[in-house]
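First the structure, in the form of structure tokens, and then the observations on it.
The values are calculated or read from the model by the stated rules, or taken from the named source; none is laboratory data. Worth saying up front: this structure is predicted, and the values here are computed from it rather than measured. Backbone-built Cβ (ideal geometry, glycine too); neighbour counts: all protein chains shown.
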Amino acid sequence: MFAASWQLTILTFVTFPIITIISKWYGNYMRLLSKLMQKKLADGNSVSEAALSSMATVRSFDAAESELKEFEEYMQKYLNLQRKNAVAFGSFITILDAVPQLVYAVAGKNSGYPPCLSLVLSPCPLTYNTCRFASCNFIIQCFTAVCLFATAT
């Protein structure tokens with residue numbers, strides 16, 4: 001890529017630190033979240049296992065409803081963590097895709113040349129159509145992220 005365009009190579013390397021920081025944060029967050037999810041699932045399983053192993057006692061005290069509610073509480077907590085997981089993953093992928101496109105769009109629009117001449121005269125060989133595509137794609141990804149947040153809450 002460096003032989004084809006050193007400007008685009010440098011522009012691509014600008015995104016590496018941003019993506020690395022975001023990936024590190026996402027990895028740490030997912031590690032914490034997966035431990036919490038595993039704990040909540042284990043708690044729910046222990047409640048159901050205790051109720052099933054002492055079924056005669058549960059029936060004699062008519063405690064099926066209370067056992068079910070307790071199990072549902074743990075599963076609701078697990079579901080909430082799964083939603084957080086989905087939002088985090090969707091946000092991570094959106095940002096991961098959007099950062100390079102945003103950098104390309106900003107660099108291309110700031111070339112200072114009219115759109116029809118930017119291919120020929122621009123020191124950064126990004127055409128107007130490439131910048132317009134990157135801008136539109138970034139807007140679509142932001143809209144998708146907003147929809148994901150809205151549906152997850």
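Take the residues in the range 51-60 that are exposed (fewer than 14 other Cβ atoms within 10 Å of the Cβ) and among the hydrophobic types (A, V, I, L, M, F, W, C); name whichever of them is nearest to GLN82 (Cα to Cα).
Selected residue: LEU52.
Can you find, within the range 28-43, the residue that is surrounded by the most Cβ atoms within 10 Å (Cβ to Cβ) among those that are farther than 15 Å from VAL87 by Cβ and touching a residue at least 24 places away in the same chain (Cβ under 8 Å)?
LYS40
Confirm whether PRO123 is surrounded by fewer than 17 Cβ atoms within 10 Å (Cβ to Cβ), modelled with pLDDT under 80 and within 21 Å of PHE13 (Cβ to Cβ).
Considered against the rule, which asks whether it is surrounded by fewer than 17 Cβ atoms within 10 Å (Cβ to Cβ), modelled with pLDDT under 80 and within 21 Å of PHE13 (Cβ to Cβ), PRO123 comes out as yes.
Residues are listed down the side, and each one gets a yes or a no for (1) touching a Ser or Thr at 6+ places or on another chain (Cβ under 9 Å); (2) part of a helix (DSSP H, G or I); (3) at pLDDT 85 or above; (4) among the basic types (Lys, Arg):
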{"residue": "TYR26", "(1), (2), (3), (4)": "yes, yes, yes, no"}
{"residue": "SER34", "(1), (2), (3), (4)": "no, yes, yes, no"}
{"residue": "MET75", "(1), (2), (3), (4)": "no, yes, yes, no"}
{"residue": "ALA107", "(1), (2), (3), (4)": "no, yes, no, no"}
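Six or more apart or on different chains, Cβ atoms under 9 Å: show the pairs whose first residue is in the range 87-106 and farther than 27 Å from LEU33 by Cα and whose second is among the basic types (Lys, Arg) and assigned to a helix (DSSP H, G or I).
ALA105/ARG132
For the range 1-27, which positions are over 18 Å from the mean Cα position of the chain (by Cα), surrounded by 12 or more Cβ atoms within 10 Å (Cβ to Cβ) and small (Gly, Ala, Ser)?
Within the range 1-27, just SER5 meets the criteria.
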